[in-house]
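Trainee: This is the structure, below, for whatever I ask next.
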Amino acid sequence: MALTVPVRRARGRPAWRWGDLSLAARFNLASLLVLLISMLVTGWWVGAQIRQGVIHRTAATAALYVENFLVTQLQELGSSTWLSAERRDAIEHLLATTPLGREIVSIKIWAPGGRVVYGQDAGGVFPVKEDLERAWRGEISADITNLRDEENASQRGKFRHLIETYVPMRIEGSDRVIAVAEFYQTTGPLEAEIAQAQRRSWAAVGLTTLLTYLLLSGLVRRGSDTIRRQQATLREQVGTLERLLTQNAQLHGRVSRAAARTAAHSERVLRRVSSDLHDGPAQDLSYALLRLDSLTTHAAGQPAQEAALRSVEQSLEAALREVRAIATDLRLPDLLGLSLHETLERALRDHRRRTGVDATLHAEALPDGVPLPVKITAFRIVQEALNNAARHAPGRASAVHADAQGGWLTLRITDGGPGFTWTGGAREGHLGLVGMRERAESLGGTFTVTARPEGGTAVEARVPLHPAESHPEDRDD
Ligand SMILES: Nc1ncnc2c1ncn2[C@@H]1O[C@H](COP(=O)(O)OP(=O)(O)O)[C@@H](O)[C@H]1O
Ligand SMILES: [Mg+2]
């Protein structure tokens, strides 16, 4: 069967990414962008202001001039609705002969009601636009026009821009506006002036922007150098700390392994002592009992001697039982093939056999594959705690609770005795509690003995199920 492998086209990754840039580079780029935008906005705005200013200045001068030479010619409009042919000729003459007249491309005289009384479209009536309306109210207004309006159609081919000005014409000696002159001027020399002023303003804005950028990026570079230096120091310190932590973990592992080896060694010593007890004093006691038997037959019929021999025999038998019990206690059963649960069951069974007292086991879901040192520790702690319970709380029920959670084994051995809290002090010749604590702590665990509020003593040991760096040889799974 042919397998079809979906071919995913590797999407081109950009050569650099924003996130790869240093903080300073990112700041520089961002501030450059912001500065450029604000430079453009400021430059454009200043340029527009300059243009407006120049136009208005020029228009105001022209308006004054136009008003001066037209106002006398238009006085008759104060009483008549039309401009006489004589006046029209005079205006024509003025436009043709004066210097300003030559700069004026076209002129229109408006009478009230949107009526054109002079210029192109003379005799026509047009809607009154805003500029015209303002002039009727007595204001001069000027603007640059790009000749898009219908009424400017004739100039469109000849000029790109013209200055359009509306000037109110008043009756001499009064404020009454009798006509409005609308005239168009070429922008030729003005454009050059405006362009030069704008160039200068652009240069100023550009220079300011450049200086601001250099200042900012200089400041940021110094800041980012400091940060880089501090980061390097920090990295060095983190490295040192990591090395120390590794060393610490190695030392901890070595200590744990040493503790496990010591525990194994002491188990071996205990086993040898147990064998020695069994093969030495126990054999001797058995032999002594055997010889005593023959002495008893010889003493038959002598009650005093018989009683003395009986007492010796009882003492010897008690000593033999004690020596055998000690030897059995010392010898650790072979736990290698047992699970943790079986180990605990074994400890309880041995205890029952030795003391004849039953203890109950509550254990749930104990894991398999627990390392041998953990099983030995569990066995010894349960053994010693049950021994203490039998000795110091005789005839009372005792129980063993085992619980494995979150990688920790918790053993809790309780009895119904008088209740005892251990503060950690050692007493000469009493090695049980000290030994249990040492076993638990050598695995990195904890050990406590407390009187329970409901009565009796609770012995609690917590050990890791897999102690740090537990040696492969110590595992039996
Ligand atoms: N379960 C218990 N109930 C009451 N007292 C206890 C119990 N376990 C230990 N003790 C007290 O702690 C002492 C020390 O115990 P341990 O170190 O095991 O030594 P030993 O059992 O040989 O006396 C005991 O002598 C006893 O007074
Ligand atoms: Mg004890």
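Each reported figure results from applying straightforward, stated rules to the coordinates on display, with no laboratory input. All values derive from a computational prediction rather than experimental measurement.
Trainee: Using helices alone, what [θ] at 222 nm do you get for the chain, with -39,500 (n - 2.57) per DSSP H run of 4 or more residues, divided over all residues and rounded to the nearest 500? Don't skip to the end; give the middle numbers.
Mentor: Values: 11 runs with 267 residues, N = 477.
Theoretical 222 nm ellipticity from helices: -20000 deg cm²/dmol.
Trainee: Could you let me know the centre-to-centre spacing of segment 185-214 and segment 21-91, using Cα atoms, in angstrom?
Mentor: With segment 185-214 and segment 21-91 each reduced to a Cα centre, they are spaced 16 Å.
Trainee: Shape verdict for segment 323-412, please, from the Cα gyration tensor: rounded (a/c under 1.5), prolate (a/b greater than b/c) or oblate. Before the final figure, lay out each step's value.
Mentor: On the way: a/c = 2.23, a/b = 1.37, b/c = 1.63.
Cα axes put segment 323-412 in the oblate bin.
Trainee: Can you list the HN-Hα couplings for segment 161-166, worked out from phi with the Karplus curve (6.51, -1.76, 1.60; θ = phi - 60°), rounded to whole Hz and with x for Gly and Pro?
Mentor: Result, ordered by residue: 10, 9, 8, 9, 10, 10 Hz.
Trainee: May I pose another question? Using only Cα atoms, what is the ratio of the radius of gyration of the chain to 2.2 N^0.38 Å? Kindly include the intermediate steps, with their values, before the conclusion.
Mentor: Values: Rg = 58.0 Å, N = 477, 2.2 N^0.38 = 22.9 Å.
In units of the globular-protein estimate, the chain measures up at 2.53.
Trainee: How much of the DSSP bridge set in the chain is antiparallel, in percent, rounded to the nearest 5? Kindly include the intermediate steps, with their values, before the conclusion.
Mentor: Numbers: 45 of 51 bridges.
The antiparallel proportion sits near 90 percent.
Trainee: Let me ask something else. Please give every one of the lysines within straight-line cross-link reach of Lys158, meaning a C-alpha to C-alpha distance under 22 Å, and leave out same-chain neighbours fewer than 8 residues apart.
Mentor: Correct list for Lys158: Lys108.
Trainee: Let me ask another. Using the Cα gyration tensor of segment 335-477, with a ≥ b ≥ c the square roots of its eigenvalues, what is the shape: rounded (a/c below 1.5), prolate (a/b larger than b/c) or oblate (neither)? Working shown, then result.
Mentor: Details: a/c = 1.79, a/b = 1.42, b/c = 1.26.
Note, shape of segment 335-477 comes out prolate.
Trainee: Right, something else. With an 8 Å Cα cut-off and a minimum separation of 6 or more residues, compute the relative contact order for the chain in percent.
Mentor: Working: 569 pairs, mean separation 51.0, N = 477.
About 11 percent, as a whole number.
Trainee: Using only Cα atoms, what Kirkwood radius does segment 67-155 have, in angstroms?
Mentor: Details: mean 1/r = 0.0700 Å⁻¹.
Value: 14.3 Å, from the Cα pair sum.
Trainee: Then there's this: Tell me the relative contact order for segment 23-195 as a rounded percent, counting alpha carbon contacts under 8 Å between residues six or more apart.
Mentor: Working: 222 pairs, mean separation 40.3, N = 173.
That works out to 23 percent.
Trainee: Run the numbers on segment 335-477 and let me know its relative contact order in percent, using alpha-carbon pairs under 8 Å that are six or more apart. Please list the in-between numbers first.
Mentor: Values: 254 pairs, mean separation 37.0, N = 143.
The normalised contact order for segment 335-477 reaches 26 percent.
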